[in-house]
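Taken together, the values in this text are just the output of simple stated rules run on the coordinates, not laboratory data. In this text, all values refer to a predicted model and were calculated from it rather than measured experimentally. Note that we place each Cβ from the backbone using ideal geometry, even for glycine, and neighbour counts take in every protein chain shown.
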Amino acid sequence: MTRRLYYEDSHRKEFQAVVTACEKAENYWRVSLDQTAFFPEGGGQAGDSGFLEDVEIFDTHEKQGIVWHYAKAPLDPGAQVLVRIDWDKRFSRMQQHSGEHILSGLLHSMFGAENVGFHIGEDYLLMDLSVQVDAEGLARAEEAANRVVWQDVPTEAVWYEKEQLARLTYRSKKELEGPVRLVTMPGADCCACCGTHTATTGQVGLIK
């Protein structure tokens, strides 16, 4: 099982790790580490990229509790490596993901809209809603979302057990057993989520 450093500090850009396995794939290698801050693809958020020493990592995926880094060259198991995340790309995704939480939570409270799917792209984020919201409603939600950004309040991420979840109100796309990680954007949203987020709502920037 890979230790997930991105749960402990989503803003960690560089760290040391030990290579635990290296497997040949088609035209790349899958590398696992004892710990990683690279986020694996999931929940609408793409896998991180970066470098293990000077070896380029172009994608990251998780399978059965192990995070696999897709590398362009092999690394020796047992080697200690310096790991660097492509921070500009990662931070952009955290901004988009956090902005999605804020807007989704407000659309839910204002119009009963459920977010039934989303995808983080390079230039924009696509959200699918369960109901139609007209232009006037979207403008109201946009203004409310930016007010949450301007308040610059800390983002909260807490793990809860099943018996604790029964006493809480939160958004989720499916029934969850626990332990479950709830991410809260105060004043906007509380949602079950495994992704990475900005430390405060102010770091999201303008929501349009």
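Under a point-charge model restricted to the Cβ atoms of Lys and Arg (+1) and Asp and Glu (-1), what is the dipole moment magnitude of the chain relative to its Cα centre, in debye to the nearest 20?
Its charge dipole is roughly 320 debye.
For mean projected area of the Cα convex hull in nm², several values are listed as (1) 15.0; (2) 12.1; (3) 13.6; flag the one computed from this structure.
Computed from these coordinates, mean projected area of the Cα convex hull in nm² corresponds to label (2).
Go through the range 109-142 and name the chymotrypsin sites (Phe, Trp or Tyr not before Pro) that are in a DSSP coil and have 10 or fewer other Cβ atoms within 10 Å of their Cβ.
Sites meeting the loop and neighbour criteria: Tyr124.
Net charge near Val116: determine it from the other residues with C-beta under 13 Å of the C-beta of Val116, scoring Lys and Arg +1 and Asp and Glu -1.
Charge balance in the 13 Å sphere: 0.
Quick one: check the C-alpha center-to-center distance for the range 190-208 versus the range 5-37, whole angstrom.
24 Å
Hey, what do the phi angles of the range 12-20 turn into as Karplus ³J(HN,Hα) couplings, whole Hz, using 6.51/-1.76/1.60 and θ = phi - 60°, x for Gly and Pro?
Going residue by residue, I get 6, 9, 8, 6, 9, 8, 10, 6, 9 Hz, with x marking Gly and Pro.
Points 7 angstrom from Cα along the Cβ direction at Asp54 and Leu168: gap in nanometres?
4.6 nm
Listed highest first by mean packing, meaning other Cβ atoms within 10 Å per residue, what order do 41-53, 158-170, 68-80 come in?
Peptide ranking by packing, descending: 41-53, 68-80, 158-170.
Gap in Å between the Cα centre of the range 105-183 and the Cα centre of the range 59-74?
29 Å
For Trp87, what is the net charge nearby, where nearby means another residue's Cβ is under 11 Å from its Cβ and Lys, Arg count +1, Asp, Glu -1?
It works out to a net charge of +2.
Could you pull out the pairs from Lys13/Lys63; Lys89/Lys162; Lys72/Lys174; Lys63/Lys162 whose alpha carbons sit more than 28 Å apart here?
Check vs 28 Å cut-off fails for Lys89/Lys162; Lys72/Lys174.
Using the alpha-carbon atoms, what tilt in degrees (0 to 90, nearest 10) does helix 135-151 show relative to the longest principal axis of the chain?
60 degrees
Calculate how steeply helix 87-111 sits against the longest principal axis of the alpha-carbon atoms of the chain, using the helix alpha-carbon long axis, and give the answer as 0 to 90 degrees to the nearest 10.
30 degrees
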